[in-house]
Amino acid sequence: MRKKVTVVGAGNVGANCALRIAGKELADVVLVDVIEGVPQGKGLDILQSGPVEGYDVDITGANDYEPTANSDIVVITAGFPRKPGMSRDDLLLANHEVVKTATEQAVKHSPNCILILVTNPLDAMCWTAFQVSKFSKNRVIGMAGILDTARFRTFIAKELDVSMENVTAMVLGGHGDTMVPLARLTSVSGIPLPELLDQAAIDRLVDRARNGGAEIVKYLKTGSAYYAPSAAAVEMVESILKDKKKVLPCAAYLDGEYGIKGLFVGVPVKLGSRGIEKIYEIKLNADEQAALNKSAAAVQELIEVLKPKLA
Ligand code: NAD
């Protein structure tokens, strides 16, 4: 029997997730959105690419959660994206309500699913889904680090004129202005980045990666990025459904790792059929730990705003 993935939110990120899942024949997909007709129409359109692209999975759309029953994974992309001048944190209260409802419904119909969060502000929305679902911590995972590292990898590859595939990178921390790209643990086919670029060039690329989302929002004006974000979310879906056990930077619930407790923060994890199967604790130097603490404190601030809403 084929696997089943629900994607909540049939907007830019959600529809592209559905398209990529279908293209890789990973699972049947149910798209859910509050706007009548949109998930149905986009679902049918993606389905009709099947004969041309050669995939045999079912894509359907719905405005309720009945058809999502017994999904293996629910990807939550529902909510508002940023507009120019907005930070991800400006979306906090509106998207908290959206994610709360989506989680309640998803969990009611798919009590054994794994939840992948995409909605911003990402780390806080993971916390909302974790509290509402009451799932174990391995089954609530946030997508941010794969995207942030993909941006960093892209800029490094362009700078050095090498294949993107050869660049591996590490970004820790929350998905925001305080994210912590680790140049020391970034390499080109094993060659450490500091041996290939001077500090000024590394700082320039780190800065561009950190502001990579805002750079695109500024161009688009009416929303935020979605091609790379959907690719990143689907890499997580694939690693889980195929039990590939990829080691990827994801937002995970920390329970003392890195000295952080009770928060979702981006760290390297192993993703397999049980969701997060391991959190890797890298030894950080003092500057890196301080940057991670600062990033965690920014996430904590958002959680403090949400706590009374879930009391
Ligand atoms: P979008 O506006 O294109 O799509 C959002 C969709 O959610 C809309 O179709 C809307 O109708 C739907 N929606 C709203 N409330 C809903 C509800 N209660 N139930 C179901 N659907 C609902 O936005 P987008 O570009 O697809 O972005 C979606 C979210 O993902 C935003 O919050 C954005 O900031 C976030 N995002 C996160 C990352 C990341 O790295 N984590 C990257 C890109 C985008």
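The values are calculated or read from the model by the stated rules, or taken from the named source; none is laboratory data. As the structure is a prediction and not an experimental result, all values here were calculated from the model. Reconstructed Cβ throughout: ideal geometry from the backbone, glycine too, with neighbour counts over all protein chains shown. Calculation scope for accessible area: heavy atoms of the full protein, side chains included, ligands and nucleic acids excluded. Shrake-Rupley method; radii C 1.70, N 1.55, O 1.52, S 1.80 Å.
A compact table of results
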{"quantity": "Distance from the range 54-78 to the range 217-234 (C-alpha centre basis), Å", "calculated": "21"}
{"quantity": "By accessible area with a 1.4 Å probe, ligands and nucleic acids excluded, highest first: order of R274, R139, R82, R184", "calculated": "R274, R184, R139, R82"}
{"quantity": "K158, K42, reordered so the largest accessible area comes first (probe 1.4 Å)", "calculated": "K158, K42"}
{"quantity": "Entries of K3/K270; K158/K307; K83/K283 with Cα pairs more than 32 Å apart", "calculated": "K158/K307; K83/K283"}
{"quantity": "Size-normalised alpha-carbon gyration radius of the chain, reference 2.2 N^0.38 Å", "calculated": "0.96"}
{"quantity": "Residue among A298, A214, A290 with the largest mean-square fluctuation in a Gaussian network model of the chain, springs linking Cα atoms under 10 Å", "calculated": "A290"}
{"quantity": "Accessible area per residue, Å², the range 164-224 with all protein chains present, probe 1.4 Å", "calculated": "52"}
{"quantity": "Degrees separating the helix 199-210 axis from the principal Cα axis of the chain, which is the longest one", "calculated": "20"}
{"quantity": "Heavy atoms of C126 accessible to a 1.4 Å probe, total area in Å² rounded to 10", "calculated": "0"}
{"quantity": "nm² value of the averaged projected area, convex hull over the Cα atoms of the range 4-142", "calculated": "8.0"}
{"quantity": "In Hz, Karplus ³J(HN,Hα) per residue of the range 11-18 (6.51, -1.76, 1.60; θ = phi - 60°; x = Gly, Pro)", "calculated": "x, 5, 5, x, 5, 6, 4, 4"}
{"quantity": "Residue-wise HN-Hα coupling along the range 180-190, computed from phi with Karplus coefficients 6.51, -1.76, 1.60 (Hz; x: Gly, Pro)", "calculated": "10, x, 9, 4, 4, 9, 10, 9, 10, 6, x"}
{"quantity": "For the range 177-191 and the range 21-39, distance of Cα centres in Å", "calculated": "34"}
{"quantity": "Calculated from backbone phi, Karplus (6.51, -1.76, 1.60) coupling profile of the range 277-286 in Hz, x at Gly/Pro", "calculated": "9, 6, 10, 8, 9, 8, 6, 9, 7, 4"}
{"quantity": "Long-range amide H partners of S224 with built H, under 5 Å", "calculated": "R82"}
{"quantity": "Three-way shape label, the range 145-310, alpha-carbon gyration tensor, a/c 1.5", "calculated": "rounded"}
{"quantity": "Filtered GluC sites (Glu not before Pro), the range 209-311: DSSP coil and at most 13 other beta carbons within 10 Å", "calculated": "E281"}
